[in-house]
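What follows is a short report on a single structure.
Read the figures in this text as sums done on the coordinates, not as results from a lab. Note that the coordinates shown come from a computational prediction; the quantities given were computed from them, not determined experimentally. Ideal geometry is used to build each Cβ from the backbone, glycine not excepted, and the neighbour counts take in all protein chains shown.
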Amino acid sequence: METNYNSGYNKGSYNSHYQKDNELVAYSTESERAVFYRKTYTHVALAILAFILVETALLHLVPVELIEAMFGRRSIWLLIIGGFWLGSVMAAKWSHSLNKNTQYLGLGFYVLLESIIFLPLIYMALAYVGTEVLWQAAIITLSLFAGLTAVVFMTRLDFSFLRSVLIIGGFLSLGLIVAGVLFGNDVGLWFSIGMVAFAAGSILYETYRIKNKYTTEQYVGAALQLFASVMVLFWYVLKILSRFPRGLR
């Protein structure tokens, strides 16, 4: 179901204010850039680790009946989609706050949101296809993430054009997902493949922004955006590898 609703988050006004006291990564020294990149990707790794821990805890604590109701009833799943979208907007805003504690609150809250919305998908994967497919999806996701990141850092290509594509694609995919839930239709394999391409474009765009648009103190917000894109990629890679009787959108 998931899509990256943070891609269109407008941080322009925030950046213009924040840059008064902090230098853009693109114009910082080599050592400052290295520190920023290290902090950003460390936070992405910690977010992924936190997601695994929270997801494991939810799988053990949440009753099976409630998990099944999450994807078995259209009204509940639509509420989850809406809550995830609103929560994502809030988390993205908090992660770009001037206050460091608020930034971490935003990142932590977003990890929790991802853990909740992934709960029925992970449950179904474990029930129908086993842990091997989960590992395969994780390896493919991380490999694609590493490759796309290398493309941005090893070339001087301008990926800023992807912003408009991602905004339009995000709203289009959200509409298709909601329509699929309302009318009881699975959006299908080709939609999942398209969403993998969408997630790949999002990773390219966010990595480009890390190099050129963020300041040296915005590593928490940058990590959240990357983490969001990675999770979209993981969701649809897992869906493609899995064959559920009734798939999640």
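Overview of values
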item	result
Rg over Rh [alpha-carbon atoms, Kirkwood Rh] for the stretch 95-249	0.98
Selection from Ala69, Thr40, Phe51, by position along the positive dipole direction of the stretch 21-77 (Cβ)	Ala69
Gained length - Leu46 relative to Ser75, 0.36 nm times residue gap less alpha-carbon distance	7.1 nm
Peptides ranked, highest mean first, by Cβ atoms within 10 Å: ranges 228-241, 55-68, 118-131, 199-212	228-241, 199-212, 118-131, 55-68
The stretch 148-235: Rg to Rh, with Rh as the Kirkwood radius over Cα pairs	1.04
Inter-probe distance in nm under a simple model that places probes 7 Å from Cα toward Cβ, at Leu142 and Ala197	2.8 nm
About the Cα centre, charge dipole magnitude for the stretch 66-224 (Lys/Arg +1, Asp/Glu -1 at Cβ), debye	440 debye
Mean shadow area of the stretch 14-161 over all directions, Cα convex hull, nm²	11.4 nm²
Packing-based ranking, highest mean first, of 103-115, 80-92, 143-155 given that Cβ atoms within 10 Å are counted	103-115, 80-92, 143-155
Neighbourhood net charge (14 Å Cβ-Cβ; Lys/Arg +1, Asp/Glu -1) for Lys39	+1
Pairs beyond 21 Å (Cα-Cα), from Lys39/Lys100; Lys93/Lys239; Lys39/Lys239	Lys93/Lys239; Lys39/Lys239
